[in-house]
Each structure stands twice: as C-alpha cells, then as structure tokens.
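Heads up, the thing below is written out as structure tokens.
Coordinate-derived values only; no laboratory data. Since we're looking at a predicted model, the values are computed, not measured. Counting neighbours? That spans all protein chains shown, and the Cβs are built from the backbone with ideal geometry, glycine included.
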Amino acid sequence: MPKAAEVIAIDEQPQKVKINLLGFSASRLGDFFDEMGEKRFRATQIIKWIHQMGECDLDQMTNISKDLRERLKDIAEIKLPEVVSCQDSVDGTRKWLIRVDGGSCIEMVYIPERERGTLCVSSQIGCALDCSFCATGKQGFNRDLTAAEIIGQLWIAADSFDQFDPKAKRRVTNVVMMGMGEPLMNFDNVVDAMSIMLEDNAYGLSKRRVTLSTAGVVPALDKLSDVSDVSLAISLHAPNDELRNQLVPINRKYPLVDFIESARNYIDKMPDNRRKATVEYTLMDQVNDRTEHARELAVLLKDLPCKINLIPFNPFPGTEYKRVSNTALNRFRDILAGEGYTVTVRTTRGDDIAAACGQLAGEVNDRTKRQERYKKKLDEAQPVRIIE
Ligand code: SF4
C-alpha cells in the first residue's frame, strides 16, 4: 500500500497552463491554427465569437466541430480579468476596478458624451515613469499587462453595455490608451490589443477612434508608425525642458525637441493628411499655467499639426500640486486660441467616484525591485520589447 505522501504526489499533478486566446490578434490566431494543422479561417470564427458576440465558452462555438473544440479545450481557454467593482457616477461616467493575475488591480473608465462613449484603458499595472503630478506614477510599477488583459478591458465594458447585442443603445465608440501605465513601454501587447480593437471581425473601431497617448518614449514612438497608424496624443505638460524635466522625468532621456520631432514624423506618415496629434497639457496652479508658458507652448508646437487639450489638474491625496485657477485657465486657453490653435478644456467627470487615473487602484504590489530594474532599462534607453 502506498504511503500518504505518495498518494498526495499522484493527486497533485501540476495543472496544465492553457493558452489564453482572448488577446490573440487575427494574425497570431491564424498562426496558432496553422500550428495545430487547422485552416487559418478558424481564426476569424474564434475572433467573431469572442469579440463580436461576446462568447467565451468554447463549447458554445457551434460552427466549430466538436472534435476541434475538444482539442482546443485541451490546450487553450478564453480567460477574462476579474471585475472587482463597477461604479456609476451621477454624470454617467462608469469606473471599474479590475483584478489581474497576481492579484493587483487596474482601473478603467468610461466617459459618455452626447455622440460618443470613450473608454480609457490601462496598459500596465502602475507606471515606472513617475511623473510628479500623477497618482498612478506615485504607486510604483508592477508589470506590463498582457494583450488579453488590455483587450479584456474593452470586452468587459462592451459586455456591461450589452454591446454584443447589435441593438444595444450605449456603446464604446472610442478607446484611449490613457489609463494606468505608459503604453509604449508595453509595446507588443499594446499593438496586439489595438489591432483587435481595429479588426473588422472584432470591435471594428476606426483608427481615428483609437488613440495612444505617450509621455515621450521616442524610440518606441518612431517604431509605432511601422506597425500602426492609430491616433496619437502626446502628454506634454510643460513648454520647456527645464520644467518638463521636473514634471515628466523621461524628458531627461528624450527632450522636447526629439519628442516633438518624433510626433511630427508619426503624423506625417499617416495616410490621412487631415489627422493631427492631440497635445495633452495638465495645468497646475503656479507651476505651468503662466502667460509665458502659454506663449512658449505656442512657439514649441508651431510645426506640429495638433490640437491642444487643457486638463485642469485634479488633486489627489498627498500631492503637492493644486488645480489651476479659472482665471489662469481661461488666459492660457485664450493665448493659444489667439495663436490659431484649436483648444479644448477637459471638464472634470466622475468626481463622486474618484475617476481620475490611479485614484482607485491604490498601491500596486512589488514596487521596489521590479521598478528599479525597469528604470534601469529606461536609463539604458532600451524601450522594452519593440518589434524589429
Ligand atoms: S502620467 Fe502617464 S506616463 Fe506619467 S506616471 Fe502617470 S501613467 Fe505614467
């Protein structure tokens, strides 16, 4: 008779890790079926089931033979991140707290407007860039999100609005990669997830309606135009290097002149010459809101096709910065508008549910050693996992 320990050893066979198909782009899924010895069109069928019909149970995918479904179930799954909470603001803003593998939480916000609904999606758990005015930056960095965890956010939002039903009234019409994290520091996964957003057999969003926002990872931005032409937002927040070095530390590595040139090259390569970059500028009281800052910004941006989005700073506990005064905000806007720029002012939404990025997720796990390694990578000017 075997001893108890031997019995336990037999019973505790390690569970087979399955491939999560949720984050597979059409081409990756095609390769996957190639490797299985199956036809590539299976990729289209699976993508439609998951991202058009909202079906994540392989058993329900009835146009796939039972035999293939069984083979798939043996090696693959469709696994979504877990929704921890979902809060609705009185103004219609909806905010989710989502738990990913490892136990950390990320945030996602949906902002309804009259003719569109914009989903702000996270790309990393925390962020290593440590911008001094950012609640997410203060939390440290844990890890990159997988493509499944990024596109899973859109799936969760679409499902919550019954968007997989073609008759749904409320929909996600726009996605901005502007949540937690710097998208270009998680290049491959973000590009894969964005390709599913654009895919006709999935969400079918237009390139104009998917926006990637970057704080200025210049080599990665240079590479992006080779693989994608989604809309671009650049997080500037200062009109000169001296001030930007304090607010956005990555500026010390990639100064404004390089960032603006890279953004201009990206815009120049776009097939539609009407497209412009969006310049994001968070206004903080007595920091970057002066008349001379507005004038300097107007000169800095003169060769970049762009519109400017002014964002009154939304204070969070522990920050030293304050919201810009209305007088300074209006003055800043008027100077830029007077120089011929299209200027919008972002209105604060979802105040009652702490909808500003990073206000809900709290501390991320393991911010020390991983963050140090990550910062070292940054110092060595090696954007991570760039597609060559
Ligand atoms: S502003 Fe963006 S890039 Fe800067 S720390 Fe926050 S999430 Fe990261």
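Observations on the model:
- Its relative contact order, with pairs defined as Cα atoms under 8 Å and 6+ residues apart, puts segment 202-335 at 23 percent.
- Multiplying the residue separation of VAL90 and THR319 by 0.36 nm and removing their Cα-Cα distance gives an extension gain of 79.9 nm.
- Just checking the listed ones, LEU119, LEU68, LEU243: in the Gaussian network model of the chain with Cα springs under 10 Å, the one fluctuating most is LEU68.
- Angle of helix 147-160 to the longest C-alpha principal axis of the chain, folded into 0 to 90 degrees and rounded to 10: 90°.
- Using a simple spin-label model with pseudo-atoms 7 Å out from Cα toward Cβ, THR344 and ARG331 lie 2.6 nm apart.
- In Hz, Karplus ³J(HN,Hα) per residue of segment 340-347 (6.51, -1.76, 1.60; θ = phi - 60°; x = Gly, Pro): x, 7, 7, 10, 10, 10, 6, 7
- Degrees, to the nearest 10: 26-35 long Cα axis against longest axis of the chain: 30 degrees
- Taking the chain as a Gaussian network of alpha-carbon nodes connected by springs under 10 Å, the highest mean-square fluctuation of the residues LYS66, LYS276, LYS322 belongs to LYS66.
- Under a 5 Å amide H cut-off, with hydrogens placed 1.01 Å from N, VAL175 pairs with LEU119, VAL210, THR211 among residues at least 5 apart or on other chains.
- Antiparallel content of DSSP bridges confined to the chain, in %, to 5: 45 percent
- The chain: angle of helix 326-338 to the longest principal axis, Cα-based, in degrees nearest 10: 90 degrees
- Most fluctuating residue given options ARG170, ARG114, ARG290, as computed from a GNM of the chain linking Cα atoms under 10 Å: ARG114
- The calculated FRET efficiency for THR62 paired with GLU113, based on their beta-carbon distance and R0 = 30 Å, is about 0.20.
- Listed residues ILE151, HIS293, ALA215: farthest to the positive end of the dipole of the chain (Cβ charges): HIS293
- GluC sites (Glu not before Pro) lying in DSSP loop within segment 198-299, provided at most 10 other Cβ fall within 10 Å: none
- Segment 149-215 and segment 27-74 have Cα centres lying 21 Å from one another.
- Per residue of the chain, the DSSP helices (runs of n ≥ 4 H) give a summed -39500 (n - 2.57) that works out to -10000 deg cm²/dmol at 222 nm.
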